[in-house]
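The values are calculated or read from the model by the stated rules, or taken from the named source; none is laboratory data. Model, not experiment: these values are computed from the prediction. Ideal geometry is used to build each Cβ from the backbone, glycine not excepted, and the neighbour counts take in all protein chains shown. Accessible surface areas use protein heavy atoms only, side chains included; no ligands, DNA or RNA. Shrake-Rupley method; radii C 1.70, N 1.55, O 1.52, S 1.80 Å.
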Amino acid sequence: MKHYIYIALAALALISCNKKKTTPKAEETPTPAVETTVDYKAPEYLSPDLAMQELGGQVRSMVFTALECDAQGNLPEGVGFDTEQAIYFEYDTNGKFTKGYAFSGDDKGPKMIRDEKGRVVQLERMIAEMNFTYINKFTYNDDGTLASDEVEGLEHKGKTVNTYTDGVLTSAVATGAGEGMTYTTKSTFKVIAVDAHGNWTKRLSTNVTEQGPDDGSGKVTETDTSYGLEMRQITYYK
């Protein structure tokens, strides 16, 4: 089993109800990556919700997807940005998250708990058919970026801790257990494309996962290296 660590996957829990799915006109449509790096600096964040997703400027919408790729960020032939398999976010002019949806828009969204600074610190999603509440807990750095994401699932618990350099995400370590196995995934990130507003639109991750039986032995039975390409289409108010 592979575990891919993408900072924006914390956003999966932020999806709220939207009856009609529309595809925003993007400022830039991501294309297959090349083995290069770009001059990327952390943007200034106008709101806690935008900081959580590392979005600078007056963002109207963001469409996110992550796909498995090779070590250079190249996608398999015939695979590209698929709006039918993406996560959608929309914001008001003050940068507050207003709605989001994945795939169909039928999800009613979780209960959102914010702290005194307006940051989302906990999400609670009731899964009625399982009589279970799925919980995400978040902590933040002083600049508003996501420091950690702790998950309490039905058959899985885990925590991801992020590391930033000058405000830019450079690595993450995820630990967790589920289905009788424990895992540790160490990921490193490289921005490979930036739009005219200074937001990244493509980011490559290298992920090394060690896993073994959940029996307290700490034994590693499998090590796997994988690569992921995160892509974002972003539109702005101005």
Take the residue pairs Lys111/Lys219; Lys117/Lys157; Lys41/Lys157 and return only those whose Cα atoms are more than 31 Å apart.
Lys111/Lys219; Lys41/Lys157
Using the Kirkwood formula on the Cα atoms of the stretch 113-238, what hydrodynamic radius do you get, in angstrom to one decimal?
16.8
On a full-extension model of 0.36 nm per residue, what is the gain between Glu155 and Glu116, subtracting their alpha-carbon distance, rounded to one decimal in nm?
10.9 nm
With every protein chain in place, the stretch 87-238: carbon and sulfur % of accessible area (1.4 Å)
48
Quick calc: nm separation of the 7 Å Cα→Cβ label points for Thr184 and Asp166 -> 3.0
In Å², rounded to a whole number, the accessible area per residue of the stretch 105-237 with probe 1.4 Å is 49
Report the extension gain between Met130 and Ser217 in nm, rounded to one decimal, defined as 0.36 nm multiplied by the number of residues separating them, less their alpha carbon distance.
28.2 nm
List the GluC sites (Glu not before Pro) within the stretch 148-228 that fall in a DSSP loop (any state other than H, G, I, E or B) and whose Cβ has at most 14 other Cβ atoms within 10 Å.
Glu155, Glu179
With a ≥ b ≥ c taken as the square roots of the eigenvalues of the C-alpha gyration tensor of the stretch 50-94, please select rounded if a/c is under 1.5 and otherwise prolate if a/b is larger than b/c or oblate if it is not?
prolate
